[in-house]
Structure formats: C-alpha cells, structure tokens
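The values are calculated or read from the model by the stated rules, or taken from the named source; none is laboratory data. Just so it is clear, the structure is predicted and the values come from calculations on it, not from any experiment. Here the Cβ positions follow ideal geometry from the backbone for every residue, glycine too, while neighbour counts run over all protein chains shown.
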Amino acid sequence: MWTAHCQNLVFIAFVFLPSIARGIPDYSGLPAGPYCASRYPGGGCCPGRQDECSAPILTTLCYCDDFCDRTREEDCCPDYWHHCKGRANDTDPPEEIRRCFFHGREYNHGQTVRVNCNTCKCSSLGKRAEMLCEETRCLIESELMEQLNLQGSTLGWQVGNYSEFWGRTLRDGVELRLGTLNPSQSVYRMNPVRRIYNPDALPREFDSRTRWSRDISGIHDQGWCGASWAVSTADVASDRFAIMSKGAENVELSAQHLLSCNKRGQQGCRGGYLDRAWLFMRRSGLVDKECYPWTGRNDQCRLHRRTDLKTAGCRNSPNSLRTELYKVGPAYRLGNETDIMQEILTSGPVQATMRVYQDFFVYKSGVYKHSQNVEKHDFGYHSVRIIGWGEEPSYYGASLKYWLVANSWGYNWGENGLFKIQKGTNECEIESYVLAIWAKTLPSQ
Ligand SMILES: *[C@@H]1O[C@H](CO)[C@@H](O)[C@H](O)[C@H]1NC(C)=O
Ligand SMILES: *[C@@H]1O[C@H](CO)[C@@H](O)[C@H](O)[C@H]1NC(C)=O
C-alpha cells in the first residue's frame, strides 16, 4: 500500500509539472492493449504535449499524445501506433520519426553530425534512437589540451588550438604532417664527422638569422603531405648555398623537385628516407623553387634525369655563371650536442629528425618537452631544421637550454613557425639524427 501511494504522488507531480521530463519506461513485452483504445475509443488521441492524455499501465501511466513520439517514444502506450496513428499491427514507433537528443540539439533518424574528426549518426538502438559516434582519435582533442593546460608552468610550454588541425584524425597528422621514414636505419648509413674545437668557447645563444641575416630560408607549409623529408632537405641545402657562397647564391631550392622526382624507394607524401634524398641531391641536383614550385602533390616528375638549368627551362639565376643544377657533397652526421652547435656556428642550419607525439601538434610557445601523460604508441618521425640555440629561465630555477628549430607547418603554428625544444637531453631523439652537407657553390670569381 505504502509503495503504491508513493508512486501515486510521483505521477501526480508529473501531471502538474509538465516541464519535468517524463521518465523513460520500457513497455516492450507488455500486452498490446487496450490502453489508448479504451480511453479514446474513437481514435484520434491528442495533438501536441498533453500530459493528461494518458492511460494507466502497470502502476503508472503511458501516453496517447503526439509528444510521446517526439522525444521519449518509450512512454507511448503500446497501442499508440496502432490506435492513435492507424498503423496496423505495429506497436513500435516507425524508424523515420525517431529522434535523438545530442549536445542540446534534436536530430532526425538517419541524420549525421561531425564532432571533431568523428561522424555521429542518429541510429536505431532496439526501439529507441540514439546518437552513435565513431571513436577515432583526433589530432586535436580538447581533453588533451585541458590536461596540458592543467600542468601550467610545470609543463614549460604553452598550448595552442589550430583550426587547420581541427576535425582531422591523429592518423592524418602522423601520416600527412610528418613524413620521415626510419631515420635510425637511413641516417646511420652516413658517416659521422669529427671536428676540433673548444666546447667551452661555444656561445650560450646563437641564431643563424642574426649571423646570416639575408641567407636563411623562411618557414614553409608542407600542407597535408608527409614530405618533411623533402622540405627540410631543400631548406637546409638552400641555407648552406647562401652561406657558403657568401650570399652570391642566395637560392631557395625546390622541395617539390625532390618530392616529384626522387621516387625510387621513396613514398612521396607518405614519407621518405633522408639518405635517398641527399643522394639524389648529390647526384642529380635540384632546381630552385621558382622553377619547380611547391604543390604538395606527389605527381609525375617534369624534369629529365640529366638536365641543366637551361634545358630544364629555369630562368637564369642571378648568378648567370651557373649552368648545372644545385648539388651537394655527401651528407654527414653530427654526433652530440656540442658537435651540432659547432657545426651550426660555422656552417649554418642542420637537419634534425625527431619523434612527434600528439602533444607536439598543439605546441604554441615555450620550450617543448614531450608530456609524459600522452599516449606513446601514436608517433611518427619528422625532419626539421635547427637554426640556433639559447637558454631561458625555467620554472624550476636553473636555466633551460633549448634548440631553436624551424618547422614546416606555416607561420601560424608555434612561434611564427619556429619552436624551441630542450637541448642536451636528446628530447624526442632530436639529437640522434642530425645531418649536414657541404653545398657545391660556384668557385668565387
Ligand atoms: C579549437 O578550435 C576549434 C575550431 O577552430 C573549435 O571548434 C574548438 O572548440 C577549439 N577547442 C578548444 C579546446 O579551444
Ligand atoms: C662530442 O663529441 C666530440 C667528438 O666529436 C668530443 O670531442 C666531445 O667531447 C663530445 N662531447 C660530449 C659532451 O660528449
């Protein structure tokens, strides 16, 4: 008795406070009626939401108004479809009028909506409709950004949201924004060099752009083409042509030439090997960017194998004495932190390859260090150009050493296209695969 009384109170509250949502009962398995049929024997039932338009069922009520099929179709009386809507032998709501509520909006059955990199669809789940979403990892995830922001200054770097990354999968990012294959194999084929210098005499800060103000390439944007292998190779070579010719051959070499023509063993916009890229440049040479502009597509090579600048149809470089393509000597490897510094100081930017995890995509400023909280299995290798180094005060007191590095994701990313990353700790393996070359400049006149 006591229980029944309580339940009566509850349903009275529902009747007089229509703004309260009705419960979500499940009447499946109950006999098909009559419920509405006994209350509204003429058919028709009630339009709109009329909470009093109901029939007793078990110890509560089921509904015979149109509202019962709008929102929570489960509280329709089992004979609602048959009696009120004239659907013969049908106790289930038809699929086409089921609806889903999702993130404060209503969706029709079959309707889809994009949530970041995933598609959600209003689908039937038994008798009701529910939003079912794909569960792919996205390149930028709000939860990760929040988690990184919570670490505040202990993280050491700041987080940014990039609209061009939004809506893409993490897999897209790893496959199409990076693009350097197996550096441990390809880079270790190159010889290390030994240089004689005094490590204590190396400056604490250095920026190639200050030392060689007109010779350092700007920031490129590889787009959705995993060809950092080509972009970083062309950019490091360009810088070295300008520096080693003392500005006489201030050229911007074509990464597209590499991407389109260095095909053997390479995978174009799905990645490439650095040893093959440098070997191509050593044997065949590259033309400049004006002659072979960046399209970010792995299309057919439009230059002959053994061409010179003239037959390639390139405009004469300012230095009219050059006839052959821009070639380099064999690439060599730098073994440790001070060797890398000495190399940049004397000869200009170097190529480095790092492991990139999900958190790197949302780097905005500060000295990057891979956050320990991020999943480890999704990563790729990415080649970049180290142009200098420096130190800045750290959260923990002692100063923090960093490399100053040019990325190839446009000027909008990071600190005007650059990033800083911890130096001397082989952060993300950035000190493991460092390469440089000697540019074959024209003999000075
Ligand atoms: C990031 O940017 C996208 C679109 O540019 C936006 O929809 C999203 O809410 C932003 N996320 C965060 C965490 O700010
Ligand atoms: C780096 O390697 C050079 C040899 O190339 C060596 O002289 C130097 O001591 C090494 N420095 C460190 C910090 O290991």
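Residue-wise test of (1) over 19 Å from residue 413 (Cβ atoms); (2) surrounded by fewer than 24 Cβ atoms within 10 Å (Cβ to Cβ); (3) among the aromatic types (Phe, Trp, Tyr).
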{"site": "205", "(1), (2), (3)": "yes, yes, no"}
{"site": "218", "(1), (2), (3)": "no, yes, no"}
{"site": "224", "(1), (2), (3)": "no, yes, yes"}
{"site": "228", "(1), (2), (3)": "no, no, no"}
{"site": "235", "(1), (2), (3)": "no, no, no"}
{"site": "256", "(1), (2), (3)": "yes, no, no"}
{"site": "263", "(1), (2), (3)": "yes, yes, no"}
{"site": "269", "(1), (2), (3)": "no, yes, no"}
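Considering the conditions (1) without any contact (Cβ under 8 Å) to a residue 60 or more places away in the chain; (2) within 16 Å of ligand 2 (Cβ to nearest atom), residue 214 is excluded by exactly one of them, (2).
Is one or more of the residues making up region 207-218 closer than 29 Å to residue 145 by Cα, away from ligand 1 (no atom under 16 Å from the Cβ), at pLDDT 95 or above and part of a loop (DSSP other than H, G, I, E, B)? Yes, region 207-218 has at least one match.
So that you can scan it fast, the table gives a plain yes or no per residue for (1) without any contact (Cβ under 8 Å) to a residue 12 or more places away in the chain; (2) farther than 19 Å from residue 228 by Cα; (3) out of contact with any helix residue (DSSP H, G or I) (no Cβ under 8 Å at 6 or more places or on another chain):
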{"site": "290", "(1), (2), (3)": "no, yes, yes"}
{"site": "305", "(1), (2), (3)": "no, yes, yes"}
{"site": "323", "(1), (2), (3)": "no, yes, yes"}
{"site": "332", "(1), (2), (3)": "no, no, yes"}
{"site": "356", "(1), (2), (3)": "no, no, no"}
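Residue count for region 148-173, restricted to those that are within 15 Å of ligand 1 (Cβ to nearest atom), over 11 Å from the mean Cα position of the chain (by Cα) and without any contact (Cβ under 8 Å) to a residue 24 or more places away in the chain: 2. For residue 377, indicate whether it is under 26 Å from residue 147 (Cβ atoms), under 24 Å from the mean Cα position of the chain (by Cα) and free of Cβ contacts under 8 Å to residues at least 12 places away in the same chain. In short, yes. Is it the case that some residue within region 390-398 is under 22 Å from residue 205 (Cα atoms), modelled with pLDDT of 95 or more, of a type outside the set (Asp, Glu) and in the same structural domain as residue 171 (by TED's automatic domain parsing)? Yes, because at least one residue in region 390-398 is under 22 Å from residue 205 (Cα atoms), modelled with pLDDT of 95 or more, of a type outside the set (Asp, Glu) and in the same structural domain as residue 171 (by TED's automatic domain parsing). Exactly one residue out of 237, 242 is under 25 Å from residue 404 (Cβ atoms), over 28 Å from the mean Cα position of the chain (by Cα) and not in a loop (DSSP other than H, G, I, E, B), and it is 242. Look at (1) touching a residue at least 60 places away in the same chain (Cβ under 8 Å); (2) more than 16 Å from ligand 2 (Cβ to nearest atom); (3) of a type outside the set (Asp, Glu) and you find that residue 195 fails only one, number (2). Of the residues 150, 155, 170, 178, the single one that is surrounded by fewer than 12 Cβ atoms within 10 Å (Cβ to Cβ), more than 16 Å from ligand 2 (Cβ to nearest atom) and in the same structural domain as residue 332 (by TED's automatic domain parsing) is 150. Could you please let me know if residue 302 is within 21 Å of residue 438 (Cβ to Cβ), in the same structural domain as residue 218 (by TED's automatic domain parsing) and basic (Lys, Arg)? It is false that residue 302 is within 21 Å of residue 438 (Cβ to Cβ), in the same structural domain as residue 218 (by TED's automatic domain parsing) and basic (Lys, Arg). Evaluated against (1) surrounded by fewer than 18 Cβ atoms within 10 Å (Cβ to Cβ); (2) closer than 24 Å to residue 109 by Cα; (3) modelled with pLDDT of 80 or more, residue 26 falls short on exactly one condition, (3).
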